[in-house]
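Novice: This is the structure, below, for whatever I ask next.
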Amino acid sequence: MTVTAPTALRVSRVLLEHNDDPSTLGTATPRLSWAVETGDPGWQQQAYEIGFTPAGGEEQVARVESAEQLLVPWPLEPLTSRAGGTVTIRAYGPDGAVAESEPLSIGVGLLEASDWQARFVGPAGQGLEDPAPIVFTTAEIAGEITSARLYVTALGWYRFAINGTRVGDEELAPGWTAYHGRLRYQSFDVTELLTSGENRFQAVLGNGWFRGQMSWDMHRAHYGDKLALLAQLEITKADGSTQVIKSDETWQSCASGILADDFYDGQRTDLSIPLDPAGKEAKSVELVEWDLDTLFAPYGPPIRVVETLPVKEIITSPSGKTIIDFGQNLVGWVRLKTRGEAGAEVIIRHAEVLEHGELGVRPLRKAKATDSYLLSGGDDVCEPLFTFHGFRYAEVSGVADLDPSRVEAVAISSDLRRTGTWASSHDQLNQLHQNVVWGMRGNFLDVPTDCPQRDERLGWTGDIQVFSPTASYLFHTGGFLSNWLADLAVDQWEDGSVPSVIPNVLGETHNGAAAAAWGDAAAVVPTVLWQRFADRDLVATQFPSMKAWVDKLISLATEDGLWLGGFQYGDWLDPTAPPENAAKAQVSPDVVATAHLIRSAALVADAAELLGKDDEAKHYRGVSERSRQSFIDEFVTGSGRVLGDCQTAYAMALVWDFLPEDRRDHAGRRLADLVERADFKVSTGFVGTPLILDALELAGRPDLAWKMITATENPSWLYPVTMGATTIWERWDSMLPDGTINPGQMTSFNHYAFGAVADWMHRRLAGLAPAEPGYRKIIIAPIVPIVPDGLDWCEASYDSGYGPITVRWQRSGDAVELTATIPPGVTADVRLPDGAEHQVSHGDHAWTAVPKTKEEA
Ligand code: BGC
């Protein structure tokens, strides 16, 4: 065991709530988190001090005797709307040595509806088919400006500009929430964009999620039929006076050159019409009614451009079409620079795959995914503002001699901080992992969606229920998922049912209101955020929603706690289900449903315990136990076979610990037998997939888990990799071995659910597993595959709230060398491949061990 050279003692990353950008806090009492950097292995925080220096004021300080570093309560006077200043953290070690942070600038947003003087305004008499409108005004600003902040949001998407310059770098703002209950606003420091004298303000408005087509029935105007802007600019002058410029009925409107925009269909743009009101006929605006109590500040980062990709290849298809291959399935759009005759048309169509050498657009269903441009006659940039597509290939028409250097793909995503990495000596597994990351990027677009390309792109609860552990390792999802859970609570029905999609745009008529594994997101996702980020307050906030869901299940279940019948998705997309019936899985929906009742009731009991609600803890523990007993009586044979006798049935029963001890071995052996007979191919759908490899380990067969994760024949995780996939597919065989697209209705090539296996890769192949909330304690116990073609090395790093954790193992002859770096505040239980165990805390550590053979293990 070694300890590295000393690092200077300091507090590094400071977070307020889950925000990396604390400029628009939505609370008067933001919780704080920080990491400590030190080379002293014995350093332990004894106390901390929070200092807040209001702009132009004296520092206020509060000291707390505590070792806590994550999401600690604001210990000072509550802040008020518009408060600004700097926060400094001081963490005290045993000898009084102090680690101090750099001062961090923070700002509080508008906390009360009454803080808003602005009103929503949109063009008078607007129609659904009108071009995207611009609303605008001009205003005189006299005197020297010392600071200016714009608070802004819209019904629809907006792009705001001051004096011709875009404000901020957000895309698809204000994002997507359950608007009728929660509408996010943004705020920007715009001091530099203003001048003394006349200033021009404008916003272009797009249909977006607010008014665009929604779901496969393509209905429009789900949240309202009027686009509108809400903008309030607060200016402070050198003489101490203030000026407020606000959207109201004095603003004006005009049409833009965006002739049509829709997030499924694409955008049609006349590039001869500038995005500017100058020279256009101005029309009046009207006030649009909206409840200002719905306004709230961001919980996490906005959607931004996260990467641009060059052209990989330009292909001429068999029918003579020009198709660009960007080499990566992504979400965003194409940016193309060109010059052509005025009025000439450029059309860009998008698809994720090629079939028979042409764009494979059938998986898009009704989404047209087409951007078109009427050229201006000068130098043009063809790039949409108000749409996005899921694509790897783009078919371009209307551009002669396409120059690859003038085209790029623009990838967008909620700009979450990347926290987790994983790499190994196995190229195909590395590609699989990269596909998971890209799948998450493209589907974390403010809402965690199923897919980004077809006439859907909705916040399916089942998908994120299974993927949230993986997501919360790869990126800091704390703010993003808390925000989505707040929407879930808003859209949850009075009787506790949870809609299948959040925000709920499918309405009451949709029959999935209480479907197992989908609605269970209400109980599972808050638990994941507790485990991964130690967010206890979030659990407290969601507790009524978690409880209401389980109460609903109790009302649906039989007296003895079996959840039978009713509408279920079940083990959705089990590979043996026919293409046209994804719910026809091997395991009975009753087994899946009852299993979820047992599990969610236990999670609610855990949450109640955490919150000190002892009576409720006892009640829900009892509910879970009673259902578990009934599960055994009804679905498990005396020796330990589970009804369905398939991978998912055993995976649930083993991982969620349903079986009496004396039947576990038999069930484990049966699972191993099934997996061997299947030639290690996967036979699970959404429900079993995140569990199956852990189940094989619990069955004492890590060797089979390894064989399964490295199997390449369909269905398997690596089959798509062998087919050139660059994202995770919805179906195990979205593309069939002969290169044709699966005939099923739902055939996305960018669906993260099956990527849930990456959580196992992090925890078990690399060996970096959380053991206590927020990674305060971890377990380092890589399985080190005991097979000749196993890994030579594997490594993972996770930027925890306490600081970076890294684990790496490497074979060296017969031995395995394991190294780990642990930040202050974290302890690790280490289990080496030879069976030795160690407990360590922060520092750099190294061990060597000779793995046990299969027989010894
Ligand atoms: C979505 C899924 C979703 C499922 C449930 C599909 O159309 O793409 O991922 O969970 O429906 O029915």
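The values are calculated or read from the model by the stated rules, or taken from the named source; none is laboratory data. Not measured: the values here are computed from a predicted model. Don't worry about glycine lacking a Cβ; one is built from the backbone with ideal geometry, like all the others, and counts go over all protein chains shown.
Novice: Name, by its number, the condition in (1) within 15 Å of Glu129 (Cβ to Cβ); (2) part of a strand (DSSP E or B) that does not hold for Cys254.
Specialist: That leaves (1) as the condition not met.
Novice: Sort out which residues of segment 458-475 are farther than 17 Å from Ala486 by Cβ, more than 9 Å from the ligand (Cβ to nearest atom) and outside any helix (DSSP H, G or I), and write them in order of number.
Specialist: The one that is farther than 17 Å from Ala486 by Cβ, more than 9 Å from the ligand (Cβ to nearest atom) and outside any helix (DSSP H, G or I): Phe475.
Novice: Please pick out the residue among Thr712, Thr726 that is in contact with a Leu (Cβ under 6 Å, 6 or more places away or on another chain), modelled with pLDDT of 95 or more and surrounded by fewer than 21 Cβ atoms within 10 Å (Cβ to Cβ). Outline the logic, then answer.
Specialist: On the way: Thr726 fails: in contact with a Leu (Cβ under 6 Å, 6 or more places away or on another chain).
Exactly one of Thr712, Thr726 is in contact with a Leu (Cβ under 6 Å, 6 or more places away or on another chain), modelled with pLDDT of 95 or more and surrounded by fewer than 21 Cβ atoms within 10 Å (Cβ to Cβ), namely Thr712.
Novice: Does segment 484-501 hold any residues that are within 11 Å of the ligand (Cβ to nearest atom) and part of a loop (DSSP other than H, G, I, E, B), and which are they?
Specialist: Selection gives Ser500 alone.
Novice: State whether one or more residues within segment 518-533 are within 12 Å of the ligand (Cβ to nearest atom), among the aliphatic types (A, V, I, L, M) and closer than 30 Å to Ala369 by Cβ.
Specialist: Going residue by residue through segment 518-533, those that are within 12 Å of the ligand (Cβ to nearest atom) are 518-519, 521.
Restricting the remaining residues to those that are among the aliphatic types (A, V, I, L, M) gives 521.
After this cut, where a residue has to be closer than 30 Å to Ala369 by Cβ as well, the list is 521.
Yes - at least one qualifying residue is present in segment 518-533.
Listed here are the residues, each with its yes/no results for (1) of a type outside the set (Val, Ile, Thr); (2) surrounded by fewer than 21 Cβ atoms within 10 Å (Cβ to Cβ); (3) away from the ligand (no atom under 16 Å from the Cβ).
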{"site": "Ile554", "(1), (2), (3)": "no, yes, yes"}
{"site": "His596", "(1), (2), (3)": "yes, no, no"}
{"site": "Ser600", "(1), (2), (3)": "yes, no, yes"}
{"site": "Ala607", "(1), (2), (3)": "yes, no, yes"}
{"site": "Thr637", "(1), (2), (3)": "no, yes, yes"}
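Novice: Would you be able to say whether some residue in segment 440-455 is basic (Lys, Arg), within 15 Å of the ligand (Cβ to nearest atom), on the phi > 0 side of the Ramachandran plot and modelled with pLDDT of 95 or more?
Specialist: There is no residue in segment 440-455 that is basic (Lys, Arg), within 15 Å of the ligand (Cβ to nearest atom), on the phi > 0 side of the Ramachandran plot and modelled with pLDDT of 95 or more.
Novice: Shifting gears a bit: Among strands (runs of 3 or more DSSP E) lying entirely in segment 311-410, which contain 1 or more residues that are of a type outside the set (Lys, Arg) and free of Cβ contacts under 8 Å to residues at least 24 places away in the same chain?
Specialist: Filter on segment 311-410 gives 313-316.
Novice: Next question, about the same structure. Quickly run through segment 673-704 and pick out the residues that are under 26 Å from Pro578 (Cα atoms), small (Gly, Ala, Ser) and in contact (Cβ under 8 Å) with a residue 40 or more places away in the chain.
Specialist: Ser683, Gly685, Gly688, Ala695
Novice: Among the listed residues Gly279, Gly300, identify the single one that is over 18 Å from Tyr158 (Cα atoms) and at pLDDT below 95.
Specialist: That would be Gly279, the only listed residue that is over 18 Å from Tyr158 (Cα atoms) and at pLDDT below 95.
Novice: Right, next: Out of (1) modelled with pLDDT of 95 or more; (2) of a type in the set (A, V, I, L, M, F, W, C); (3) within 28 Å of the chain's Cα centre (by Cα), the odd one out for Ile554 is which?
Specialist: All conditions pass for Ile554, except number (3).
Novice: Based on this model, can you work out whether Leu481 counts as modelled with pLDDT of 95 or more, closer than 24 Å to Pro773 by Cβ and either of a type in the set (Asp, Glu) or more than 16 Å from the ligand (Cβ to nearest atom) (or both)?
Specialist: Here the answer is yes, as Leu481 does meet what is asked.
Novice: Next question, about the same structure. Quick check on Ser545: is it closer than 25 Å to Trp760 by Cα and away from the ligand (no atom under 16 Å from the Cβ)? Even if it seems obvious, please write down each step before you answer.
Specialist: Values: closer than 25 Å to Trp760 by Cα: no; away from the ligand (no atom under 16 Å from the Cβ): yes.
Taking the combined requirement at face value, the residue does not satisfy it.
Novice: Looking at (1) within 16 Å of the ligand (Cβ to nearest atom); (2) outside any loop (DSSP other than H, G, I, E, B); (3) touching a residue at least 60 places away in the same chain (Cβ under 8 Å), which is the one condition that is false for Asn504?
Specialist: Condition (2) is where Asn504 drops out.
Novice: Looking at segment 175-238, what strands (runs of 3 or more DSSP E) fall wholly within it and have at least 3 residues that are crowded, with 24+ Cβ neighbours inside 10 Å? Spell out the reasoning first.
Specialist: On the way: elements: 186-189, 197-206, 228-237.
Answer list for segment 175-238: 197-206, 228-237.
Novice: Looking at segment 579-594, which of the residues that are over 19 Å from Ala651 (Cα atoms) and in contact (Cβ under 8 Å) with a residue 24 or more places away in the chain is nearest to the ligand (Cβ to nearest atom)?
Specialist: Top of the filtered list is Ala582.
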